[in-house]
1. So which residues in region 44-60 are surrounded by fewer than 10 Cβ atoms within 10 Å (Cβ to Cβ) and polar (S, T, N, Q), if there are any at all?
2. Inside region 21-43, can you point out the residues that are of a type in the set (Asp, Glu) and loosely packed, with under 14 Cβ neighbours inside 10 Å?
3. May I ask you to list pairs of residues, at least six apart or on different chains, whose Cβ atoms are under 7 Å apart, with the first in region 14-40 being among the hydroxyl-bearing types (Ser, Thr, Tyr) and the second being in a loop (DSSP other than H, G, I, E, B) and open to solvent by less than 70 Å² (accessible area, probe 1.4 Å)?
4. Taking region 3-20 as the search range and keeping residues that are part of a helix (DSSP H, G or I) and touching a helix residue (DSSP H, G or I) at 6+ places or on another chain (Cβ under 9 Å), which one is surrounded by the fewest Cβ atoms within 10 Å (Cβ to Cβ)?
5. Select from region 76-115 the residues that are surrounded by 15 or more Cβ atoms within 10 Å (Cβ to Cβ), in a strand (DSSP E or B) and in contact (Cβ under 8 Å) with a residue 12 or more places away in the chain and list them in ascending order.
6. Please state which one of Asp33, Asp64, Asp6 is farther than 27 Å from Trp78 by Cα, charged (D, E, K, R) and at pLDDT 85 or above.
Amino acid sequence: FADLVDAKREFGWITAAVTPEVGFELDAQEKNDFILVERTIEFLLNALRLAQNEMGATVHNEEDSMVLDKLENLVSKWRDRETALLGNPFGSVFRARYQPSLFAHSLRRYCDLYMNSVASLRLYSPQHRFYPEPGFRLLAHEISNRGAKNALDLKGALEASTNADKEVGNMY
């Protein structure tokens, strides 16, 4: 990553990385088993959120804690299955279990685009210029302030708010 870091930091260049593991992960993510696992984990995490909301802000009784513990154990088992489906005993180079790996953080930070093969560029003109998507590098606390610069521009503020909601939804 040293070359990418220097190019990005010192020269402000748009950077790209060829990462063959992207192809392996995309192939795995298209399989029905993987889709089932992802949706099940999402369902269980949503059930945990809903259960906790229903329990309120008071101290949970033993039965409530047991329900949460059992749901968390199910999530853990499904995450183990997800790791196994990636076909690598260590999981993905992009995640350490369910958290982004250091590699993923570095890729996000220093690469404007990444692909599994240089052949992925064949559909673009040699003169094509890549520009970052609006809000691509925003932190969660910055998203809610997007579009607030010109409060009189109601249409722009509404569009920014809608896009921010979509970006926040894509994070989880």
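1. Asn53, Thr58
2. Scanning region 21-43 gives Asp27, Glu30, Asp33, Glu42.
3. From region 14-40, the pairs are Thr15/Cys111; Thr15/Asp112; Thr19/Asn116.
4. Ranking the candidates gives Arg9 first.
5. If the condition is that a residue be surrounded by 15 or more Cβ atoms within 10 Å (Cβ to Cβ), in a strand (DSSP E or B) and in contact (Cβ under 8 Å) with a residue 12 or more places away in the chain, then Ser92, Tyr114, Met115 are the ones that fit.
6. Asp6
The values are calculated or read from the model by the stated rules, or taken from the named source; none is laboratory data. Keep in mind it's a predicted model, so treat the numbers as computed, not measured. Note: ideal-geometry Cβ built from the backbone for every residue, glycine included; neighbour counts use all protein chains shown. Accessible surface is based on the protein model in full, side chains and every heavy atom, while ligands, DNA and RNA are left aside. Shrake-Rupley method; radii C 1.70, N 1.55, O 1.52, S 1.80 Å.
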